[in-house]
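**Q** Pasting in a structure now, in structure tokens, and then I'll have a few things to ask.
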Amino acid sequence: MKVISLAKVRDTIKDLVQKANFELQDDVVDVIKEMEKKEESPAGKEVIKQILENAKIAKCDKLGLCQDTGLAVFFVELGEDVELKKDDGLGSLRDAFFEGTRAGYEEGYLRKSVVEDPIRRKNTGDNTPAYIHWEVVPGDAFNVTFIAKGGGAENMSAIRMFAPAAGMEGVEDFVVETADKAGSNPCPPIIVGVGVGGNFEYSALLAKKALLRKPLGSHNSDSFYADMERRLLERINNLGIGPQGMGGRITALAVQVEAFPCHIASMPAAVNIQCHSHRVLSFSL
Ligand code: SF4
């Protein structure tokens, strides 16, 4: 049995949310630099230069990469052989995640972006609740991946329930149509997470999980879906939206697709759009 202290979880989360918001990870920077070389439009090139400069300043001065520091979304793999030690006044793992998020957003001067009710819109004031997806796994793993999800990109995401007859073409057209409709709203160049299969809610989760794949731009291990990713990236970059909608070749940095078994009568598909400010970071205890 591995014993993990809840205070340790809280403190690690506190540091994680800040580091993710201050430092664009190397794999993301590498893809952006690569795309800078490919961008043909002068305005688009200039935008990419500014994105890279912004990342340098944010890292150096410990400032948020963007004013929208996002909903705090966590994917947690919790081993069956992990024992959680309640300490420092923390009574549950959920408390540890919420406290860590609260403290990290406060200490890092990160914007609090959560309202307590979707209609009445009063800010909770501490960026909680965090959005946590738990998965119980065999063994003693404790793996956490954080993604800061800004509203501009999240708002442009979409889900559609297809009949199986729509086939691969139907799904691909839907992904391209979603990116096209999004235009400049999600601060391109974007990252496109696609979830195919599962059911209504599972496809949305798959699409978000697809965004977490590292290194950014790596392909699905199934060549069928890897080819789909390549085709979609090309089609989206042919839309001409360009960096920040200024026109150009580079509308997307990557398209990442995840698939899952589904009902014989259904073919759900979801597209979760992420902006260039791709703040994803993991830790294991
Ligand atoms: S979409 Fe991303 S880059 Fe644009 S404002 Fe939101 S978080 Fe910031």
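**Q** Rounded to the nearest 10 degrees, what's the angle between the helix 167-182 long axis and the longest principal axis of the chain, both from Cα atoms, 0 to 90?
**A** That helix lies at roughly 80 degrees to the long axis.
**Q** Arrange the following residues from fewest to most other Cβ atoms within 10 Å of their Cβ: M246, M1, M228.
**A** On the way: M246 17, M1 8, M228 22.
Least crowded to most crowded, the residues run M1, M246, M228.
**Q** What span do the alpha-carbon atoms of the chain cover on each of the three principal axes, reported in whole Å from largest to smallest?
**A** Cα extents, longest axis first: 54, 50, 39 Å.
**Q** OK, next. Report the calculated FRET efficiency for D222 and E80 (r = Cβ-Cβ distance, R0 = 22 Å), to the nearest 0.05. Could the numbers behind the result be given before it?
**A** Numbers: r = 28 Å, r/R0 = 1.28.
With R0 = 22 Å, the Cβ-Cβ based efficiency is 0.20.
**Q** Share of antiparallel DSSP beta bridges in the chain, in percent to the nearest 5? Present the calculation step by step, with values, prior to reporting the outcome.
**A** On the way: 26 of 46 bridges.
So the antiparallel bridges amount to about 55 percent of the total.
**Q** Still on this structure: In the stretch 99-151, if the dipole is taken from +1 on Lys/Arg beta carbons and -1 on Asp/Glu beta carbons about the Cα centre, which of P138, N123, T101 is farthest to the positive end?
**A** N123
**Q** Would you mind ranking C187, C66 so that the residue whose beta carbon has the fewest other beta carbons within 10 Å leads the list? Walk me through the intermediate numbers first.
**A** On the way: C187 23, C66 19.
Neighbour counts put them in this order, fewest first: C66, C187.
**Q** May I pose another question? Which of the GluC sites (Glu not before Pro) across the stretch 1-86 are loop residues per DSSP, with 15 or fewer other Cβ within 10 Å? Each step should come with its number before you reach the end.
**A** Values: sites: E23, E34, E36, E39, E40, E46, E53, E77, E80, E83; in loops: E23, E39, E40, E80.
Of the GluC sites (Glu not before Pro), the ones in loops of the stretch 1-86 whose Cβ has at most 15 other Cβ atoms within 10 Å are E40, E80.
**Q** Within the stretch 95-126, find all residues whose amide N lies under 19 Å from a label point positioned 7 Å from the Cα of D15 along Cα-to-beta-carbon.
**A** Counting only backbone N, you get 96-110.
**Q** Tell me, what is the percent relative contact order of the stretch 151-284, built from C-alpha pairs under 8 Å that lie six or more residues apart?
**A** For the stretch 151-284, the relative contact order is 42 percent.
**Q** At a Cα cut-off below 12 Å, give the aspartates and glutamates reachable from K37, other chains included and same-chain residues fewer than 8 away excluded.
**A** E46
**Q** Sort T69, T12 so the one with the fewest other Cβ atoms within 10 Å of its own Cβ comes first.
**A** Working: T69 27, T12 19.
By the 10 Å Cβ count, ascending, the order reads T12, T69.
**Q** Same structure, new question: Would you mind calculating the gained length between A166 and A43 on full extension (0.36 nm times residue separation, minus the Cα-Cα distance), in nm to one decimal? Before the final figure, lay out each step's value.
**A** Details: separation 123, 0.36 × 123 = 44.28 nm, distance 3.78 nm.
So the extension gain works out to 40.5 nm.
**Q** Then there's this: Given G245, V29, A207, which one lies farthest toward the positive end of the charge dipole of the chain, if we put +1 on the Cβ of every Lys and Arg and -1 on the Cβ of every Asp and Glu?
**A** In the chain, that residue is G245.
Every number in this text was worked out from the coordinates using simple rules, so none of it is lab data. Computed from a predicted model, the values in this text were never measured in an experiment. All Cβ positions, glycine included, derive from the backbone under ideal geometry; neighbour counts span all protein chains shown.
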